[in-house]
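Some notes on the structure that comes next.
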């Protein structure tokens, strides 16, 4: 593994590599380009020159150089991840991609079982990486790693209550798989699985950056081609074994209506049946970033009003974040954050309502913006 360096400086191992490359008559600019691959803080040519003039600098072995070059050429340019340096995050993303691919496969039968197991693996790897970076010991004295249930029960776990409830019910299903089959129940828990995917992508981006988003690989998490409305309407009435129905009732019975309505707990979609031309007389999925997606972004369970979903003005956001992190957070920091995440357009833009519907809403009546609880959670996670 390549050791991390302080900003703009070479680590001891990198200095040995540079010395070896100079012995091989590499040019300064080529050495600089290789070392800078995958680096958050790049080095300048003066660092290479400094190693060149240091007669006491030790030289890397051929084996050490081969490994260094192999690691440097393994960075994914899209995500910035490297299987040698970021193995947990690579595995976390792949596990969730596999979970969704399995669920969408027309040839597999045990979809719910496999989704629960693979999803648990994805979340576990992600939180292991998060807590490792926080210098939290993830391997217990008995030799076992922290379980997902142990990590989401921590006070410093950076997820919403709805997300936590979703993961707890996913664990219930996963534990059920260990002892019996979930039988014909794929559609029954599809809303839980959908929310689980969306939550994973959101938390992954909050903790490790938006470059790691799965949106490039999965336009929509759990999609079912040629869905039949009559079949969808009958889901839960038929073909659900008694034991599965009882398990579903057990998971839901102790939850309040607000918890059930929380989109972080279970994803809900409202279908509106209207007169349409033949070309549009079917279910369509719209990209949330598209004009059509923006038009329907505020259609949620129970048609909740915008003031309920986006209750915080910028000054309130700053106060909430400041209280949560225990240090200064001016209103200007909120401005810098929405610019960084492209949450809303800057003033004077022709389409002020083109916001990221997860975090922000434009109010045409009084020409200003308000923000959601998810936006506050994101800022708190980034500034702890």
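The values are calculated or read from the model by the stated rules, or taken from the named source; none is laboratory data. Computed from a predicted model, the values in this text were never measured in an experiment. Positions of Cβ are generated from backbone atoms using ideal geometry, with glycine treated the same way; all protein chains shown enter the neighbour counts.
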Open item on the list: Looking at the stretch 129-171 only, could you name the residues that are within 17 Å of the chain's Cα centre (by Cα), within 30 Å of residue 191 (Cβ to Cβ) and without any contact (Cβ under 8 Å) to a residue 12 or more places away in the chain?
Closed with: none
Task: Hey, residue 192 within 19 Å of residue 204 (Cβ to Cβ), touching a helix residue (DSSP H, G or I) at 6+ places or on another chain (Cβ under 7 Å), modelled with pLDDT under 85 and surrounded by 16 or more Cβ atoms within 10 Å (Cβ to Cβ) or not - done: yes
Task: Pair list, Cβ under 8 Å, 6 or more apart: the stretch 312-334 residue over 16 Å from residue 372 (Cβ atoms), other residue assigned to a loop (DSSP other than H, G, I, E, B) - done: 322/328; 322/329; 325/384
Task: Candidate set: the stretch 315-330, residues that are surrounded by 15 or more Cβ atoms within 10 Å (Cβ to Cβ) and touching a helix residue (DSSP H, G or I) at 6+ places or on another chain (Cβ under 8 Å); chosen: the one farthest from residue 198 (Cα to Cα) - done: 329
TODO: With respect to residue 65, determine if the residue is in contact with a helix residue (DSSP H, G or I) (Cβ under 7 Å, 6 or more places away or on another chain) and farther than 30 Å from residue 190 by Cβ.
DONE: yes
Open item on the list: Residues that are at positive phi and at pLDDT below 60: does the stretch 299-307 have at least one?
Closed with: yes
Task: Subset of the stretch 326-371 (residues that are under 18 Å from residue 206 (Cβ atoms), part of a loop (DSSP other than H, G, I, E, B) and out of contact with any strand residue (DSSP E or B) (no Cβ under 7 Å at 6 or more places or on another chain)) - done: 329, 341, 342, 356, 357, 358
Open item on the list: I need a count of the residues in the stretch 372-384 that are within 15 Å of residue 309 (Cα to Cα) and in a loop (DSSP other than H, G, I, E, B).
Closed with: 1
